[in-house]
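Engineer: Have a look at the structure that comes next, please.
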Amino acid sequence: MSWEPNPLEAQRLEKLARLQEAGIEPYPLRAERTHTTAAALAAFATAGDESALPVTVCGRLVSMRDMGKSIFAHVADEHGRIQLFLRREEVGEESHRIFQKLLDLGDFVQASGVLMRTRAGEVSVRVSSWRLLSKAITPLPVAKEQEIDGKVVRYSAFSDVEERYRQRYADLAVNPEVRDVFRTRARLLSAIRRFMDDHGFLEVETPILQPLYGGAAARPFTTYHNQLKQELYLRISFELYLKRLLVGGLERVYEIGRDFRNEGVSFKHNPEFTQMEFYAAYWDYTDVMRHTEEMLAFIARQLTGGTQITYQGQQIELAPPWPRLTMRQAILHHTGIDYMQYTDAPSLAEAIRQMGKARGVATQTPPGASWGKLIDGLLGDFVEPALIQPTFITEYPRDISPLAKGIPHDPLHVERFEFFIAGMEMGNAFTELNDPIDQRRRFEMLQETFGQDDEERNPIDEDYLRAMRYGMPPNGGFGVGVDRLAMLFADKTTIREVLLFPHLRERNT
RNA sequence: GGGCCAUUAGCUCAGCAGGCAGAGCAGGUGACUUUUAAUCACUUGGUCAGAGGUUCGAGUCCUCUAUGGCCCA
């Protein structure tokens, strides 16, 4: 796709040429700045109105009011904006003329002068000299702002969702609150790291390109290494590599990184997403639960100062302990079905259909769905949306949990939990299976139970089984969707709002 | 995968009963010696998402396609 300047861009290219004719380099090598806009305003507040404090500020021109012999303009930098007050007699005829005629909103400038307060009361830089730092050719969708009772009201803001995602740079440039979302996200990541590091976990990085995929029920992206002549997969989880590290004697490990799943895109799914997984030797899933609730409370305190957050108008209390409910209790409570009365898939599917009919609600009983998948479906449809306050759902069906340790004397369940906040599944954890013989059996069972295209069916990873045969300490493992946590803490309802560059379908224009 | 809705100027949006494509902001020209959504005067700007159809005539009605949003699966 090549670029054909539109009329507005052509005008600016013309101005660019005239700037160059006037001997002005529109993209100079260096800039100088003594104060950010926020620092300048703070310094003025300290120094007082009569201080005539000299400053040099840099930023984008975001407003301009030409009064003839003087010009008022605002420059915005990352954290704020400040007004420039530019007078012809102070900067000189030519400089004034160039500012007036050849600058545009969106241009980066550097301005030096002393701080003063205008008649209208706004702290401003009384400009004695200025320089162009970067000429903007394409006009930003600049909106006008007005401050009403200390709140910034923006008019005609850039708000087309599709364009905001496709041109996130423009979105970030003109919608400062979008920048805040990603600051929140960064603080979330840093809080997670601090918490894990403080609890003796080692941060590691394992392969993204894998010869075999595994550790989750998902379809992978496939790629190819030309020189090795080898098919490779983008990882769908970190699990099997992190657990190899426990075999190697690293007792507490975690990884934060990208997983890739070749599946649908929705308000809570992006083909690549960020996951945090950890594994701790000598822990079981109850230890993991304790760690989980403490971690979330820690994150909340780091981000907000307290453990209570507001999500979409709902108060959510993250302080431990969180309620724990077995899968069986949860399903019974929300659907009236005690699935232990139907311990095979056909009878459970029938019970679900009956319940749906009786309640007049849609149910999902796809043919061939295993017992565990049916239960998981009930959880997603009837329980998950109701779990607004943080909740652990425990004791998952064995047939959908091939990497979790069974519960003694219970052939149908394993020591696993998922946790839910704001009606969203946030993470998944279990007492990890460390018996290599049982693990092989479980893998083989999946091969028999699930069809070739079923997402539950992963290839058998013989190298992983070999690692297990060397002896793996008992351990607890955990995975959390970082994007969903970011949604929670940024109070956003779609994953795209917390991803800088969310995946969108290609557009052929 | 299915249903509904949307797509009009750089941005935000009108336009419906089929009859000359509009507004505000941004842009241009000019005025203005402290304005702040500055103001005032004049003014430029469009493949009405794309393709096809109905019609004397389509931004408006129909079909298909593309992209996005919401709901369902």
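Engineer: Give me the pairs, please: first residue somewhere in the stretch A:159-177 and farther than 22 Å from residue A:74 by Cβ and of a type in the set (A, V, I, L, M), second residue anywhere and open to solvent by less than 50 Å² (accessible area, probe 1.4 Å) and in a helix (DSSP H, G or I), beta-carbon distance under 7 Å, and either six or more positions apart or on two chains.
Structural biologist: Hits for this filter: zero, empty list.
Engineer: Residues to consider are A:109, A:91; find the one that is open to solvent by less than 20 Å² (accessible area, probe 1.4 Å) and either at negative phi or within 8 Å of RNA strand B (Cβ to nearest atom) (or both).
Structural biologist: Residue meeting the stated conditions: A:109.
Engineer: Out of the residues in the stretch A:42-57 meeting the condition of being away from RNA strand B (no atom under 13 Å from the Cβ) and open to solvent by 60 Å² or more (accessible area, probe 1.4 Å), tell me which one is nearest to residue A:139 (Cα to Cα).
Structural biologist: Among those residues, the one meeting the criterion is A:54.
Engineer: Taking only pairs six or more apart or across chains, which ones have beta-carbon atoms under 6 Å, a first residue in the stretch A:75-99 that is closer than 18 Å to residue A:142 by Cβ, and a second residue that is in a helix (DSSP H, G or I)?
Structural biologist: Hits for this filter: A:77/A:37; A:80/A:37; A:80/A:38; A:81/A:37; A:82/A:37; A:82/A:40.
Engineer: Here's another thing I want to ask about it. Just to confirm my filter: which helices (runs of 4 or more DSSP H) fall fully inside the stretch A:145-249 and include at least 2 residues that are open to solvent by less than 80 Å² (accessible area, probe 1.4 Å) and farther than 24 Å from residue A:506 by Cβ?
Structural biologist: Ranges flagged: A:176-198, A:239-247.
Engineer: Could you tell me which residue of the stretch A:112-123 is nearest to residue A:143 (Cα to Cα), considering only residues that are without any contact (Cβ under 8 Å) to a residue 60 or more places away in the chain and near RNA strand B (Cβ under 8 Å from one of its atoms)?
Structural biologist: Result: A:122.
Engineer: Among A:126, A:60, which is farther than 23 Å from residue A:27 by Cα and either within 12 Å of RNA strand B (Cβ to nearest atom) or in a strand (DSSP E or B) (or both)?
Structural biologist: Checking each option against the conditions leaves just A:126.
Condition check ((1) assigned by TED's automatic domain parsing to the domain that holds residue A:282; (2) in contact (Cβ under 8 Å) with a residue 12 or more places away in the chain; (3) open to solvent by 60 Å² or more (accessible area, probe 1.4 Å); (4) within 16 Å of RNA strand B (Cβ to nearest atom)) across all residues:
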site	(1), (2), (3), (4)
A:467	yes, yes, no, no
A:471	yes, yes, no, no
A:475	yes, yes, no, no
A:478	yes, yes, no, no
A:482	yes, yes, no, no
A:486	yes, yes, no, no
A:490	yes, yes, no, yes
A:493	yes, yes, yes, yes
A:506	no, no, yes, yes
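Engineer: Can you tell me which residue among A:310, A:286 is open to solvent by 20 Å² or more (accessible area, probe 1.4 Å), closer than 26 Å to residue A:413 by Cα and among the polar types (S, T, N, Q)?
Structural biologist: Details: A:310 fails: closer than 26 Å to residue A:413 by Cα.
Of A:310, A:286, the one residue that is open to solvent by 20 Å² or more (accessible area, probe 1.4 Å), closer than 26 Å to residue A:413 by Cα and among the polar types (S, T, N, Q) is A:286.
Engineer: Being exposed (fewer than 13 other Cβ atoms within 10 Å of the Cβ) and within 13 Å of RNA strand B (Cβ to nearest atom) is the requirement here; does residue A:32 meet it?
Structural biologist: Values: exposed (fewer than 13 other Cβ atoms within 10 Å of the Cβ): yes; within 13 Å of RNA strand B (Cβ to nearest atom): no.
No, not satisfied.
Engineer: Being of a type in the set (A, V, I, L, M), open to solvent by less than 20 Å² (accessible area, probe 1.4 Å) and more than 15 Å from RNA strand B (Cβ to nearest atom) narrows it down to one of A:331, A:388, A:352, A:437, so name that one.
Structural biologist: A:331
Engineer: Continuing with this model, one more query. Go through the stretch A:11-24 and give me each residue that's over 11 Å from residue A:138 (Cβ atoms), open to solvent by 50 Å² or more (accessible area, probe 1.4 Å) and either part of a helix (DSSP H, G or I) or in contact with a His (Cβ under 7 Å, 6 or more places away or on another chain) (or both).
Structural biologist: Listed by number, the residues that qualify are A:11, A:14, A:18, A:20, A:21.
The values are calculated or read from the model by the stated rules, or taken from the named source; none is laboratory data. The structure displayed is predicted, hence computed values, not measured ones. Neighbour counts are summed over all protein chains in view; Cβ atoms, including those assigned to glycine, are modelled from backbone coordinates with ideal geometry. In case anyone asks, the SASA skips ligands and DNA or RNA and just uses the protein heavy atoms, side chains included. Shrake-Rupley method; radii C 1.70, N 1.55, O 1.52, S 1.80 Å.
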